[in-house]
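To start, the structure itself, in structure tokens.
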Amino acid sequence: QVQLVESGGGLVQPGGSLRLSCAASGSIFGFDAMGWYRQVSGKQRELVATITIGENTNYADSVKGRFTISRDNAKNTVYLQMNSLKFEDTAVYYCHAKLGILEYWGQGTQVTVSS
């Protein structure tokens, strides 16, 4: 059973930065793709960024140029570096992993952007 554990969320002022981490219980090398999604209460969960096993990345338009996703296979960890944070980035951020038809989710970490 794969477990994904997020960390790094918190409260930050607009324009600030945070780095989220997603640690997997096993090797992430076999995952087809890993990524980050976010959800605001009452709204659908939305894609933020993904990275494939070949390290191809994809970003939501709203975060392009501000967020960077990366993976460290040796540490079984995926990161999301978030810069120039805006009020509208406030959400619960979830780590996601895909292995064939199987999908795994972390428990989520809250990111709040507020002055």
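The values are calculated or read from the model by the stated rules, or taken from the named source; none is laboratory data. All of these numbers come straight from a predicted model, not from anything done at the bench. Positions of Cβ are backbone-derived with ideal geometry, glycine not excepted, and every protein chain shown enters the neighbour counts. Accessible surface is based on the protein model in full, side chains and every heavy atom, while ligands, DNA and RNA are left aside. Shrake-Rupley method; radii C 1.70, N 1.55, O 1.52, S 1.80 Å.
Here are a few things to note about the model shown:
- Selection of first residues in the range 30-58 that are of a type in the set (D, E) and of second residues that are in a strand (DSSP E or B) and open to solvent by less than 20 Å² (accessible area, probe 1.4 Å), restricted to Cβ pairs under 8 Å at least 6 apart or on distinct chains, gives the following pairs, ordered by first then second residue: E46/R38.
- Within the range 95-112, the set of residues being surrounded by fewer than 17 Cβ atoms within 10 Å (Cβ to Cβ), assigned to a strand (DSSP E or B) and under 15 Å from the mean Cα position of the chain (by Cα) comprises K98, E103, W105, Q110, T112.
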